[in-house]
1. Residues in the stretch 32-73 that are at pLDDT 85 or above, within 25 Å of residue 184 (Cβ to Cβ) and either assigned to a helix (DSSP H, G or I) or not hydrophobic (A, V, I, L, M, F, W, C) (or both): how many?
2. For the stretch 110-121, check the following and say yes or no: at least one residue is over 21 Å from residue 31 (Cα atoms), buried (at least 23 other Cβ atoms within 10 Å of the Cβ) and touching a helix residue (DSSP H, G or I) at 6+ places or on another chain (Cβ under 8 Å).
3. Would you check which residues across the stretch 123-144 are more than 28 Å from residue 91 (Cα to Cα) and surrounded by fewer than 21 Cβ atoms within 10 Å (Cβ to Cβ) and list them?
4. Please give the strands (runs of 3 or more DSSP E) falling wholly within the stretch 99-184 in which 3 or more residues are in contact (Cβ under 8 Å) with a residue 12 or more places away in the chain and among the β-branched types (Val, Ile, Thr).
5. Filter the stretch 145-176 down to the residues that are crowded, with 16+ Cβ neighbours inside 10 Å, β-branched (Val, Ile, Thr) and at pLDDT below 95 and list them by number.
Amino acid sequence: MHHNSQATWHGTTILCVRKDGHAVLAGDGQVSMGPLKIKNNARKVRRLGNGSVIAGFAGATADALTLFERLEAKLEQYPTQLARACVELAKDWRTDRYLRRLEAMMAVADASASFILTGTGDVLEPEDNIIGIGSGGAYALAAARALLPIDGLSALEVAQRSMAIAASLCVYTNSQITIESIPE
């Protein structure tokens, strides 16, 4: 990892929560470079695969756009097989000389599963239906773990409250949250 991009790599919070048949993916809007806030309303969460997949990234923006495009291509190849598309992307990411330099992590979900993708070729399925990545990821994850079992709180409400907590604790995370969910 080159040292100068280290700050970009850490500056974000992405949270994925599953509850009662709903998957919700939330991301903040802050783009930082070191101590400098460059952008406040970046969209780090997108719908892919004709809207059947939601994905969010933590890392350098240009790198993430490349990964979104690559994942979209894999989803076209394996339309209803998110796990297969993720594994194929992870293989490319690990072996392709250009992709290997990308510094990012992704959280992806469809109606039935959620995965974390990393540049080391890992495709991980979370044990507890929650994914938190980026600098504020641990805060959002901890909050979501506490809130998820509460009856009457939807996946959306858990995600919103958890992201607010992360934004209040992590200096690289703001409260301009983008949310995508399945089903919509």
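1. Final tally of qualifying residues: 17.
2. For the stretch 110-121, residues over 21 Å from residue 31 (Cα atoms), buried (at least 23 other Cβ atoms within 10 Å of the Cβ) and touching a helix residue (DSSP H, G or I) at 6+ places or on another chain (Cβ under 8 Å): present.
3. Hit for the stretch 123-144 is 142, nothing else.
4. Because the criterion is at least 3 residues that are in contact (Cβ under 8 Å) with a residue 12 or more places away in the chain and among the β-branched types (Val, Ile, Thr), the strands (runs of 3 or more DSSP E) in the stretch 99-184 that meet it are 130-134, 178-182.
5. Answer for the stretch 145-176, where residues must be crowded, with 16+ Cβ neighbours inside 10 Å, β-branched (Val, Ile, Thr) and at pLDDT below 95: just 173.
The values are calculated or read from the model by the stated rules, or taken from the named source; none is laboratory data. What you see is a predicted model, and the numbers here were worked out from it, not measured in a lab. No Cβ is skipped: glycine too gets one built from the backbone with ideal geometry, and neighbour counts run over all protein chains shown.
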